[in-house]
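Below: one structure, written as structure tokens.
The values are calculated or read from the model by the stated rules, or taken from the named source; none is laboratory data. Keep in mind the model is a prediction, meaning the values are calculated, not measured. We place every Cβ from the backbone using ideal geometry, glycine too, and count neighbours over all the protein chains shown. Surface accessibility is based on the protein's heavy atoms, side chains included, excluding ligands, DNA and RNA. Shrake-Rupley method; radii C 1.70, N 1.55, O 1.52, S 1.80 Å.
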Amino acid sequence: MNFNLDKQQLELQQNLKEKFAAEIAPNAAKIDADCAFSDDNWKTLADSGYLALPIHRNGQTGWTTAVMAAEELAAVCASTALCAGSSAWVCGGTLAACASDALKDAWLAKLAAGEAIGAYAVTDPSGG
């Protein structure tokens with residue numbers, strides 16, 4: 001499998017790196033210290049298309065692109081990356097792969113746009 005980034009992916013990588021450095025990195029230490037969730041960071045992720053990458057895998061998106069984007073986010077703010085990962089990857093990815101069409105229609109566009117924040121619950125008594 002080829003994991004080299006193509007020209008479009010390299011451009012997206014650079015754009016995300018610059019956007020995240022300018023808009024997310026400056027407040028990352030405070031967010032971590034306060035154990036806070038940043039609505040501003042969430043808006044940045046939604047506006048950049050980041051939240052849609054693991055949910056809508058068409059065009060420039062795909063797993064390689066989504067992982068590259070996740071690396072860029074985690075490099076500037078690990079806690080924001082974990083929140084986004086839970087919503088877009090775990091919740092959104094599970095819905096995209098396994099949900100009924102009705103659930104997909106109800107939630108995927110909202111998760112991708114940042115209008116909803118996904119969660120994942122384990123109900124198995126030995127699940128941790």
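Worth pointing out:
- Residue within region 35-54 that is touching a Phe, Trp or Tyr at 6+ places or on another chain (Cβ under 7 Å) and under 23 Å from GLY118 (Cα atoms) present: yes
- If the condition is being among the polar types (S, T, N, Q) and within 14 Å of CYS83 (Cβ to Cβ), then region 28-58 contributes SER38, ASN41, THR44.
- Consider region 71-80 and keep the residues that are closer than 12 Å to ALA28 by Cβ, at pLDDT 95 or above and assigned to a helix (DSSP H, G or I). The one that is most open to solvent (accessible area, probe 1.4 Å) is ALA75.
- Test: residue in region 82-96 that is modelled with pLDDT of 95 or more and surrounded by fewer than 15 Cβ atoms within 10 Å (Cβ to Cβ): no
- Residues within region 81-128 that are basic (Lys, Arg) and either over 29 Å from ILE24 (Cβ atoms) or over 16 Å from the mean Cα position of the chain (by Cα) (or both), tallied: 1
- Total residues in region 1-47, condition open to solvent by 30 Å² or more (accessible area, probe 1.4 Å), part of a helix (DSSP H, G or I) and not basic (Lys, Arg): 20
- Sole exception among (1) free of Cβ contacts under 8 Å to residues at least 24 places away in the same chain; (2) within 16 Å of GLU115 (Cβ to Cβ) for LEU82, by number: (2)
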